[in-house]
Amino acid sequence: MSDFPRRVKIVEVGPRDGLQNESSILSTEVKARYIELLLQSGLKTVEATSFVRKEKIPQMGDASILYPEVKKLNAKYGAAIPCLVPNTIGLENAINVGVKEIAIFTATSNQFNQKNINATIDGSFERLSKVAAVARSNKMKIRAYVSTVFGCPYEGETSLETLEEVVTRLVDLGAYEISLGDTIGVGHPLLVRKVLERLCSKFDKKLFAMHFHDTYGMALVNAMTSLEYGISTFDSSSAGLGGCPYAQGATGNVATEDLLYLFDKLGIETGVDMTKLMQAGEYILSHMPNRTSASRVYQALSNKKTN
Ligand code: MG
């Protein structure tokens, strides 16, 4: 517990990772307002969108229009607004609208990568090295996602050797932060310990962000375990938006409200205001028919308000 951080950074991924896995297609205006409300809550990193082909993910098809809107709204907040970029075409589109930080992605599993991006791990790095080279020459910050860190729907448990190798290669590409994704939510505290024992013995713990999904209700206990290793960056989505197209019944990202409640109770600073965060979630859900908040904390606090 000696490394328990006093302050943590929450990386809000609702507008990208959350919405891209939701079936309702939202207007650019609604997405921009959602991001504005998230910024108002005090979040200092909000992943806005993905510069991916519209045919692949229609929800993200307006990235080149949305980003300039968000940039204007962010002028008074000065938050980091990373955007996902799958390839050099996406990167060019991102550069054209002034994106300063990109997120790149791969996985520890060849089969998962093959289904997701039609490439092996090595094949993904061929693409990523081109993207990263252009990003570095444009002085862009690079964040990296690693999927299937705690298990893969096709290959089962991840080998720590493979994970370490993938992380090393991402560091070599210039990634300043690496988000360790529990893509199908199968992580549990012993596995988190195993992964962090290995990675924190080889790399600075500040390099890592944890990206948990709450499929089996393990996200918060996994976050708690990560805090014990001194990890101080966590990805989450407001209202628990999202899902996983590769795992039947998998829930979305851990809800930001739930993480925030845990951090608040532990006396860890986040700079985020719960009431305003809940308003952002309420706003986006009001535009999504048949969708309710996946956040337990949201449900508890809003019931308290009405009863
Ligand atoms: Mg996710």
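So here's what we get for this one:
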{"item": "Residue in region 162-169 that is within 25 Å of Met278 (Cβ to Cβ) and away from the ligand (no atom under 16 Å from the Cβ) present", "result": "no"}
{"item": "Index of the failed condition, Tyr176 passing every other in (1) surrounded by fewer than 22 Cβ atoms within 10 Å (Cβ to Cβ); (2) among the aromatic types (Phe, Trp, Tyr); (3) within 16 Å of the ligand (Cβ to nearest atom)", "result": "(3)"}
{"item": "Residue in region 220-230 that is of a type outside the set (D, E, K, R), surrounded by fewer than 20 Cβ atoms within 10 Å (Cβ to Cβ) and within 16 Å of the ligand (Cβ to nearest atom) present", "result": "yes"}
{"item": "Unmet criterion (only one of (1) modelled with pLDDT under 95; (2) closer than 25 Å to Ile35 by Cα; (3) more than 14 Å from the ligand (Cβ to nearest atom)) for Tyr261", "result": "(1)"}
{"item": "Hits in region 62-85 - residues which are open to solvent by less than 50 Å² (accessible area, probe 1.4 Å) and either among the acidic types (Asp, Glu) or at pLDDT below 95 (or both)", "result": "Asp62"}
{"item": "Matching residues, region 270-295, being surrounded by fewer than 15 Cβ atoms within 10 Å (Cβ to Cβ) and part of a helix (DSSP H, G or I)", "result": "Thr275"}
{"item": "Residue ranges of helices (runs of 4 or more DSSP H) in region 1-116 with at least 3 members away from the ligand (no atom under 16 Å from the Cβ) and β-branched (Val, Ile, Thr)", "result": "28-40, 88-96"}
{"item": "One residue from Gly230, Gly243, Gly217 being without any contact (Cβ under 8 Å) to a residue 24 or more places away in the chain, assigned to a loop (DSSP other than H, G, I, E, B) and out of contact with any strand residue (DSSP E or B) (no Cβ under 8 Å at 6 or more places or on another chain)", "result": "Gly217"}
{"item": "Residue match in region 250-257 (condition: crowded, with 20+ Cβ neighbours inside 10 Å, of a type in the set (Asp, Glu) and within 15 Å of the ligand (Cβ to nearest atom))", "result": "no"}
{"item": "Test set (1) part of a strand (DSSP E or B); (2) more than 20 Å from the chain's Cα centre (by Cα) - Ala209 fails condition number", "result": "(2)"}
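Residue-wise test of (1) modelled with pLDDT of 95 or more; (2) touching a Lys or Arg at 6+ places or on another chain (Cβ under 9 Å); (3) open to solvent by less than 10 Å² (accessible area, probe 1.4 Å); (4) acidic (Asp, Glu).
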{"residue": "Ser201", "(1), (2), (3), (4)": "yes, no, no, no"}
{"residue": "Lys205", "(1), (2), (3), (4)": "yes, no, no, no"}
{"residue": "Ser238", "(1), (2), (3), (4)": "yes, no, yes, no"}
{"residue": "Tyr246", "(1), (2), (3), (4)": "no, yes, no, no"}
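This table checks each residue for (1) charged (D, E, K, R); (2) surrounded by fewer than 18 Cβ atoms within 10 Å (Cβ to Cβ).
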position: Ser27; (1), (2): no, yes
position: Leu37; (1), (2): no, no
position: Gln40; (1), (2): no, yes
position: Leu43; (1), (2): no, no
position: Glu47; (1), (2): yes, no
position: Ser50; (1), (2): no, no
position: Lys56; (1), (2): yes, yes
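The values are calculated or read from the model by the stated rules, or taken from the named source; none is laboratory data. Remember, predicted model here, so these are calculated numbers, not experimental data. Cβ: placed from backbone, ideal geometry, glycine included. Neighbour counts: every protein chain shown. These area figures cover heavy atoms from the full protein model, side chains too; ligands, DNA and RNA do not enter into them. Shrake-Rupley method; radii C 1.70, N 1.55, O 1.52, S 1.80 Å.
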